[in-house]
Every structure is written in structure tokens, then in C-alpha cells.
Amino acid sequence: MLVNPGIPALTTHRKKGWRCRDSERTLPDADVYAIAREAEIFAMTGALKLQDAIPGIAATSLAGVVAKLEMIVAADRDIGDPTDFPWPHIASVLRDLKALAGELPAYRPDRAATRADVSRHWEAAVRLVAALNEEDVRERRKLAV
């Protein structure tokens, strides 16, 4: 892992004094990396599912409209050129709405909920990597025969 994301489940095997998860104790570093990568994919898939559901949810306040536009503008930072139409216009509308409705309150997710999400994605990734490793072993056995 090139960057420490601050998520203990993804970095515990690298930090001194931190107890490793049971699933990491017997795994080679390549498997731990694969598990971390798959857990990240599970998390991103969940986030994208939420993002895809946003158009079907009606905002019931100006703060809700601001939140939806914030999500759209934030998503575009990753996939497009923010200087191309319509992004400057959407950013302008977002600034106008914030001037009228105010900024959204700062949000900090509950650490217990975040840890539960990380743990859920980690365990799903452990199962996936184990299944893929078992499949590889079966394939090698078939080829050896």
C-alpha cells in the first residue's frame, strides 16, 4: 500500500504494536494486498450504488438540493474536466444555493459504523481471495494430471 488511508483494517499488518487480524496471520503479503484491494472495490461499489440512487430521491429542502449538487460536483472531480460545460454552471448554482440556504453542516460518520463497514468489506474480500486461491489450486491440479 503506497498511502496509509488511516483505516486500521487495511494497514494493521504494517504497523508495529498493532494486533493483526486473524485472517492476516497466515496469509502472504500478496494475499493481504489482494484482500485490501478487493475490500476497497466492495466499498467503492457500495458508494457508487448510493450515488446511482440519488436521482430517484427527492430533496425536501434547500439543504437537500445543496447536498445533491455537492455530490455531483464532487463526483466530477474524479472523472472530468471541471472547466467544461456544464460544470462551471453547476458550481455557480451550488454557490448561489449555499448563499441562500447556508453551508451544509460538517458531517463526520460515527466511527463504530465506519469500522463495521470496513470489517464487512474486509471479511467479504477475505472470502473472495480465499475462493480465488482455491480455484487456482484446483486449476493447477487439473493441469498437473
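The values are calculated or read from the model by the stated rules, or taken from the named source; none is laboratory data. Predicted model only: the values in this text are computed from it and were never measured. All Cβ positions, glycine included, derive from the backbone under ideal geometry; neighbour counts span all protein chains shown.
From the list PRO88, PRO105, the one residue that fits, being surrounded by 10 or more Cβ atoms within 10 Å (Cβ to Cβ), more than 20 Å from ALA47 (Cβ to Cβ) and of a type outside the set (Val, Ile, Thr), is PRO88. Being touching a residue at least 40 places away in the same chain (Cβ under 8 Å) and either surrounded by 12 or more Cβ atoms within 10 Å (Cβ to Cβ) or in a helix (DSSP H, G or I) (or both) holds for only one residue in LEU50, LEU97, LEU69, LEU128, and it is LEU128. In region 72-84, the residues that are closer than 22 Å to ILE57 by Cα and of a type in the set (Asp, Glu) reach residues that are at pLDDT below 75 and surrounded by 10 or more Cβ atoms within 10 Å (Cβ to Cβ) with C-beta atoms within less than 9 angstrom, at least six apart or across chains, in these pairs: ASP76/PRO82.
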